[in-house]
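Some notes on the structure that comes next.
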Amino acid sequence: MNHLSRAIVLTLTALALVACEISPRAATVTTAVPVPSATAAPVLSPEPTLAIAAPPTTAARPSTARPARPLAPTQVVEPLNPTPTLVPLSANQRERIFENIWETVHDHYLYADFRGVDWQATREEYAPKVAAAATSAEFYGLMRQMIDSLGDDHSRFESPQDVAEQDAEFSGKLRYGGIGAEIRDVDEGGLVSSVVPGGPAERAGIRPRDVITSINSIPYINDEAFGPDGPISQVRGQPGTGVRLGIISPGQDERVVIVIREVIDLDAFNRVSARRIDGGTIGLVTIPSFYVEAVDIHVRDAVVGLLAKGPLEGLVIDVRSNSGGYVHLMRSTIALFHDGGSIGRTSGRDSGDSEEQRIPGGKTIVGMDGVPIVVLTSAETVSAAEMFAAGMQVLGRAQIVGLPSAGNTENLYTYDFEDGSRVLLAEVAYRLPDGTLIEGRGVIPDRTVKAEWWRYAPDDDPQIIAAIQAIRSP
C-alpha cells in the first residue's frame, strides 16, 4: 500500500457530505465525476386559492392526470447527470477490498484500542457477510457499517458513488434538483437560513428566516411521515416538478406556495460572501466551507473587494456554519491575516504521525495590517473551521465571539481502493501550541453570546453586534 498522505477534517451537512484535505494512501483508481441524480418527486395538483410560484416565462403547472409538462422552450431546465452505476465486483475483489479496509484501520487508526471495539472479532464477523453479498451495493453497505462500528463520528466509508459526489462538490460541480434554499430544523418547522439569489425559492417570495410549516400538506415536524431521509428529501426532487410548501414569514399569517424545482448548484451555498456593515465601516466575510477549491483565493478576493471601497475599522469573519474542509486551505486562509507562525500540532498513535501546523508566510493582504478581527463561532463550527478559529485566536490575530465550537477536530486521512471506493480514517488529533486537545471541548470564545443567531437579520444578529463591540472595545 502506498503511504503518501495528507490530513483531512470532515463532517456532514444537511445538503451534502463535506470533506477536507484529500490525498491517496493507496493507488487511486480514476473515476468519472458526474453528479448525483435527483429523486423523482410527486406531481402536485395546484389549488386555485394558492399563490403559485413558478419560474419566469411560461412554465406549465403540474397536473395530477399526468406527469408535469416540460417547461416552455424559453425556459430550459438542464437535466441532472446520473450518478455512476456501481460496477459489479467479483467475490475475489470484494474479499481483497474488505481485507485492505480492515488492515488499514488495524494499522493506522488513531486509537490503538479501537475505542473498545474488538477489531479482530469484527473481521471474523464481516468476512462471511462479504462472501455472501449478492450485489456491490450490499457489499458497500457492509463496509459502511463496519467503519461506522468504530463510533467516532468522524471516520467513514465511501462507495464510488459517494466519492464522485465529494469530488464534484469540491470542484463546484455538484448539483441537485430543488428550490435553492438552505433549511434547518427548528421546533416550529424548517427555518430558511439562506436562499440562492434568483433561484426558485427567492422568486417564490421565500426569504431567510421564513419557516416551512408543511411539505405537500404534511406537517414539517411529522418525522415519521418523511422517513429516514427527513423532510428535506421531499423538498428536493426532479427539476420541473412542483412542491407545495406552507410558509410563515415573520409577523405574517401562513400562506401556501408551489415552487417548481430546478437544477441547483451546491456551489451556490459554499461561496464566500462579503459586505460592509455598521454604516460601512466594518467588513463582514462569511466562509461557509473550507471544502471548496481555492477558498483562500476567494477569501482574499472578498476582503480586497471590501478594501477597494476604503479602509476598514475592523473585520468580522463568520464561520458559524462552516462544517470543515481542507487543512492546507484553512492554513492558507489564516496566512491572509497573519504572516507565518504555528497554530499547534496534529499527532497520532505513532510518534512519526506528528506534524506541526505552520502558517505560510508572505501572503498577508495589503491594507489589513493592524485591522482588528473577530471570528464568529457556534456549535456548528466544525473540524477545519475550528482549527481556523483556534489558530486565529492563539496567534493573537482575532478575538472569538459566539458559542464554543463543536469540538470535532480529529484529522482524517483518505485511503483509496482499486474499485474507486475509499475510507476516511481518524488518524491524528489537533492540539494547540500548549498541548491542549480541543477534541470534545471546542474553541472557547473570548466573548460568549448565547443566541440562535440564524433567527436574526444580520443587522440585528446579537453575535454580530457583540463582534462590532469587541472591535471597538477590545
3 or more residues within 16 Å of Ile258 (Cβ to Cβ) and not assigned by TED's automatic domain parsing to the domain that holds Gln120: qualifying strands (runs of 3 or more DSSP E) within segment 135-241: 211-215
Hits in segment 396-411 (condition: farther than 15 Å from Asp153 by Cα and either among the polar types (S, T, N, Q) or in contact with a Pro (Cβ under 9 Å, 6 or more places away or on another chain) (or both)): Ala398, Gln399, Ile400, Val401, Gly402, Leu403, Pro404, Ser405
Test: residue in segment 436-445 that is surrounded by 15 or more Cβ atoms within 10 Å (Cβ to Cβ), modelled with pLDDT of 95 or more and closer than 18 Å to Leu315 by Cα: yes
Matching strands (runs of 3 or more DSSP E) fully within segment 309-426 where at least 1 residues are at pLDDT below 95 and surrounded by fewer than 24 Cβ atoms within 10 Å (Cβ to Cβ): 342-347, 355-358, 411-416
Qualifying positions in segment 242-252 - modelled with pLDDT of 90 or more and either part of a strand (DSSP E or B) or out of contact with any strand residue (DSSP E or B) (no Cβ under 9 Å at 6 or more places or on another chain) (or both): Gly242, Val243, Arg244, Leu245, Gly246, Ile247, Ile248, Gln252
Count of residues meeting criterion [surrounded by 23 or more Cβ atoms within 10 Å (Cβ to Cβ) and among the basic types (Lys, Arg)] in segment 185-207: 0
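The values are calculated or read from the model by the stated rules, or taken from the named source; none is laboratory data. Everything quoted here is computed from the prediction, not taken from an experiment. Note that we place each Cβ from the backbone using ideal geometry, even for glycine, and neighbour counts take in every protein chain shown.
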